[in-house]
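Just so you know, all these numbers are worked out from the coordinates, no wet-lab data involved. Note that the coordinates shown come from a computational prediction; the quantities given were computed from them, not determined experimentally. With ideal geometry, Cβ positions are generated from the backbone for all residues, glycine too; neighbour counts draw on all protein chains shown.
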Amino acid sequence: MKRLLLVVLAVLISVPVVYAASVGGGNIVYKVKHSGDVTFSHDSHVTDRNFKCDDCHPSIFAMKRDAEKKRKMSDMRSKKACGICHNGKNAFDVSSNCYICHKK
Ligand code: HEC
Ligand code: HEC
Ligand code: HEC
């Protein structure tokens with residue numbers, strides 16, 4: 001009985017871990033010339049920062065990546081897309097910290 005309980009516990013504990021490995025839409029890569037590509041990680045926002053799907057979907061982002069749709073930093077600085085949170089209050093500001101998002 002005790003052993004069965006342990007097995008059940010082990011399964012319960014491992015399920016969220018497996019789930020977290022590919023949470024939401026996974027890693028989204030934005031190709032940006034010169035400044036460097038940006039990777040948005042669902043894992044780091046959903047698992048590490050506890051955001052819920054509907055904190056972002058569908059109000060800020062559609063649940064579908066459209067690689068043709070290019071966003072501008074000027075829009076993000078006026079509090080759109082990533083800039084809704086990355087405003088220097090809720091998360092690091094898009095007016096600086098370029099290198100945290102853009103990787104060469
Ligand atoms: C902090 C904001 C944020 C949260 C929270 C979030 N997402 Fe996303 N999600 C995004 C962004 C950004 C994109 C890319 C869409 C874009 O660039 O317009 C995306 C895209 C997606 C995609 C499409 C992926 C693709 O390749 O087309 C799916 C599916 C998705 N999200 C599911 C989820 C689910 C399920 C959750 C909750 C577990 C979740 N997301 C939580 C920001 C978020
Ligand atoms: C919170 C993350 C984040 C930060 C911080 C950030 N960016 Fe971006 N940047 C992005 C994303 C996402 C795109 C998206 C592009 C797309 O839709 O293809 C982008 C696009 C761009 C582009 C191409 C579009 C445009 O507006 O011309 C340039 C250039 C750019 N960033 C420069 C910068 C510089 C310089 C900084 C610092 C002052 C910076 N970024 C800070 C996430 C960020
Ligand atoms: C719903 C709010 C929200 C939105 C929308 C959002 N972020 Fe974040 N993001 C956060 C918070 C909060 C942190 C933790 C940052 C801090 O401590 O300053 C964070 C951290 C990050 C980090 C730090 C490294 C990491 O992965 O842990 C990166 C890079 C990042 N975000 C990129 C983006 C990009 C790119 C977008 C848009 C496609 C975006 N974020 C949209 C809230 C958000």
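Checking each residue of the range 40-57 against the condition of being away from ligand 3 (no atom under 12 Å from the Cβ), on the phi > 0 side of the Ramachandran plot and without any contact (Cβ under 8 Å) to a residue 12 or more places away in the chain gives no match. For the range 58-70, the set of residues classified as closer than 23 Å to K103 by Cβ, without any contact (Cβ under 8 Å) to a residue 40 or more places away in the chain and not acidic (D, E) consists of I60, F61, A67, K69, K70, listed by residue number.
On inspection, K70 qualifies as within 15 Å of V38 (Cα to Cα) and part of a loop (DSSP other than H, G, I, E, B).
Quick test for you: out of S96, S78, S59, pick the one residue that is within 12 Å of ligand 1 (Cβ to nearest atom) and hydroxyl-bearing (S, T, Y). The unique qualifying residue is S59. For the residues K64, K79, the requirement of being surrounded by fewer than 12 Cβ atoms within 10 Å (Cβ to Cβ) and more than 10 Å from ligand 3 (Cβ to nearest atom) singles out K64.
Can H86 be described as in contact (Cβ under 8 Å) with a residue 40 or more places away in the chain and within 17 Å of the chain's Cα centre (by Cα)? So H86 fails the test. Against the list (1) surrounded by 14 or more Cβ atoms within 10 Å (Cβ to Cβ); (2) near ligand 3 (Cβ under 9 Å from one of its atoms); (3) in a loop (DSSP other than H, G, I, E, B), the condition N90 fails is (1). For the criterion of being part of a helix (DSSP H, G or I) and out of contact with any Pro (no Cβ under 8 Å at 6 or more places or on another chain), S35 fails.
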